[in-house]
Amino acid sequence: MTRALAARTGTALLVVIYGLPFVWLVATSLKSDTEIFSATGLIFQPTISAYQTVVNADLLRSCVNSAIIAAGTTLLTLLLATPAAYALARVKGMLVNIGLGALILLQITPQPATLIPLYRVLGGWNLLGTQLGVILADSALLLPFCVLIVRPFFLSVPLEVEEAGVVDGASRWRVFWQIVLPITLNGIATGATIIFFIAWGEFLYAITFLSDPGQYPISVLIAGQIGMYGIRWSNMMAIAVVASLPILAIYAYTHRLLRDGLALGSVR
Amino acid sequence: MGLYLLPAALFLAVLALYPFVELIHMSVSQVSSDNIFGDWPFIGAAGVQAVAGTADFREAAVNSLIYVGLVVGVGLGGGLAAALVLWRGGPLSGFTLALMVFSWALPGLINGVDWRFLLDPRGMVDTILSVARVAPIYWLVEGRLPLISVALVNAWTVVPFATLVFRAALLDMPSEVLAAAEVDGARPRQTLRYIVLPLLRPTILVLTILSLLYAFKSFDFIYIMTFGGPGTASTTLPFLSYRLAFELYQFSNGAAVAVITLGLIILMAVFYLRSVQREERA
C-alpha cells in the first residue's frame, strides 16, 4: 500500500470512529420512542418530538445555571492561576519545586476524595446550596491544572523582553500586565477554554453541594437521570445535544488555539 | 513575586490542601455517619490495613490496573497511529483533527451518556454488528466487558490528546534526517522503527506519565456508564472510594481507599520515572 493510500484510509477510519458517534447521538435525539426500539440505524423518519418534550423553562434555566457556574469558575480560576503561573515560571529554586509538586499532588487526587472535606468547609461558610459554593469548589479542583497549562507559555517569553521593560522604568506589575500578558494571551485563552469546558460538564460537586433543583446546571440533569430505570433515550440524547451546543460554538472559534496550545502546555 | 503567588496559594490552602489533609485525617480515624460532624477517634493505620485486606479492594485494584492499562495502551497507541496518519497533511486531515479534538473537549459526562446508548443492544455498535449477522452483545452487562468497554470509551477521548502531542513532536522533527533516510532507500517501516520512534521517545514518556495519572483517577465515565456495576464488575479504586463513602456511609474506609489509591499513583509514577532514568543512563 502506498503511503498516500494508507494515509487516506487511516483518515477515513478516524472520521468514522470520531464522527459516527456524534451523528448517532443527533440521530437518536430525532427518533420517536418506537423507532428507537426497532433499531433502524440511521434510516428513520426524523421528528423533533424529543426536543419539544425536553426544551422547556427548566432546561433553559439549567443552561443559564451552567453558564453562571462555568463562567464564574473560569474567571476566578484565571484570576488566581495566571499570576501564580507567571511567578512559578520566573522564580527559581526549592520553593518552585515544592509549589509544582503540591500542584501535581492536588491534580492527581481523585475528585470524590475531596467531597466530604469540601462539604464541611462550604458548610462552615454557609455556602452549601449556593452556586458560589460550587464555583469555589470547581475553581479549587481546576486551579492546579490551569497553572500547569499556562506556566509553559510564560516560560517561553524571553527574559530580555521583560528586562527591556524594566530598563524603560516600568514597574514589575506594569511589565506583567502590559508586556507579558499580551504575549501570552494564547496560552491564557487555551487555559480559559479548557477550564470552561470542564466546569460546564462538572456534575459531582454540583449534585452534592446544591439542593434546590432550580439551581442545577444541565450536567446535573443528565447525571441525575442517567441511572433511572426505563430511561427515555431520545429525550436523554436531546438534552445531551443541547448541552453540547455551547461547547461546539466555543470550540468552533478556539479549536486552532487548542490544537497548538495543548501540545505546548503538556510537554514542558 | 510572592504577591503573585499568594492569592492562589491561600485559595488552594483552604479549598484544596485542607481537604487533602482532612482526607488523610479521616483515613486514620473511625468515621461513620454517626460522628461525621463530631469527633473522630484516632485508629492509626488499622483502618487502611483492614480495607486493603478486603476482597472488594483487591477486585477494585485489579479492575483499576486493567482500566489504566487499556486507557494508556490504547490511548497512546491510537494517538501515535492517528498522528502518523495525519502527519503529512492531505485531504481532510485538518477537519479530522478538529473532529477528534472535539470529542476530547466534550465533558466526560456527555461522551459517557452518548456511548452508554451507543453500546446499548439497540445502539450503534450492535446495530453495525447486526449487519454482519453478529448477535447483540451486552457491552455494559456481561462479565468483564463493562470494565473494558468503559476503559475503551475513555481511551477514545485520550487518543485525540495524544494525537495532538505526537503530531507536534512529529512536526518538530528535523526534516533533513527524514529526507536522508529516504535518499538512503529506507522503507517507511524502517524509518518509523529506527528514526521516528527513537526521536519520539521523550514524548512517549511524558504522555505515558500524564495518561497514567489521568486514567488512575478517572471517575466520570464509570459513574455515568455503569455506576461501577453490574454489581461491582466495573468498580475501580476511585469509584470504590466513592461507593464506600456515599453508598455505605463508611467514610473512613472510603478515605482509606482514596489514600491508598494516591499512594499507588505516586509509587507508580516514581517507579516509572526511575526506570526511565536508569535506562537512559545505561
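Quick notes
- Proximity of backbone amide H atoms, modeled 1.01 Å from N, is registered between B:S29 and B:I43 at under 5 Å, excluding neighbours fewer than 5 places apart on the same chain.
- Using distinct alpha-carbon pairs, which all enter the 1/r mean, Kirkwood radius of the range B:104-175 in Å: 14.0
- Potential lengthening of the chain between B:A13 and B:I148 amounts to 44.9 nm, from the contour at 0.36 nm per residue minus the alpha-carbon distance.
- Rg/Rh (Cα only; Kirkwood hydrodynamic radius) as it applies to chain B: 1.04
- Spin-label model, A:V64/B:Y194: points 7 Å from Cα along the beta carbon direction are separated by 6.7 nm.
- Highest mean packing comes first when the peptides B:147-153, B:97-103, A:30-36 are listed by Cβ atoms within 10 Å, giving B:147-153, B:97-103, A:30-36.
- Longest segment of chain B lacking trypsin sites (Lys or Arg not before Pro) that sit in a DSSP loop with at most 13 other Cβ atoms within 10 Å: B:145-282
- Across all C-alpha atoms in chain A, the radius of gyration and Dmax reach 22.6, 74 Å.
- Alpha-carbon gyration tensor eigenvalues x 5, square-rooted, for the range A:208-268, Å: 31, 16, 12
- Taking the square roots of 5 times each eigenvalue of the Cα gyration tensor of the protein assembly as shown, largest first, gives ellipsoid semi-axes of 34, 33, 25 Å.
- Per-peptide packing, taken as the mean over residues of other Cβ atoms within 10 Å, places A:17-24, A:224-231 in the sequence A:17-24, A:224-231 from highest down.
- Kirkwood-based shape ratio for the range B:52-122, expressed as Rg/Rh from alpha carbons: 1.13
- In the range A:1-80, inverting the average of 1/r over every pair of distinct C-alpha atoms gives 16.6 Å as the Kirkwood radius.
- Values of log10 I(q)/I(0), in the order q = 0.13, 0.15, 0.17, 0.18 Å⁻¹, for the range B:24-165 under a Debye, Cα-only, solvent-free model: -0.80, -0.92, -1.02, -1.08
- Two-site label geometry, A:D212 and A:A164: point separation in nm, points 7 Å out along Cα→Cβ: 5.3
- Average other protein chain Cβ within 10 Å of Cβ, residues A:98-105: 3
- Mean partner shielding of peptide A:178-188, defined as the number of other chain Cβ atoms within 10 Å of each residue Cβ, is 0.
- Shape summary of the range A:150-242, radius of gyration then Dmax from alpha carbon positions: 22.1, 70 Å.
- Between A:L245 and B:L65, the C-beta separation translates, for a Förster distance of 41 Å, into a calculated FRET efficiency of about 0.60.
- For the residues A:L88, A:L42, A:L257, a GNM of chain A with alpha-carbon springs under 10 Å puts the largest fluctuation on A:L42.
- Spin-label model, B:D39/A:A71: points 7 Å from Cα along the beta carbon direction are separated by 4.9 nm.
Bear in mind that the values in this text are calculations on the coordinates, not laboratory data. Here the structure is a predicted model, which means the values were calculated and not measured. So basically every Cβ, Gly included, is an ideal-geometry build from the backbone, and we count neighbours across all protein chains shown.
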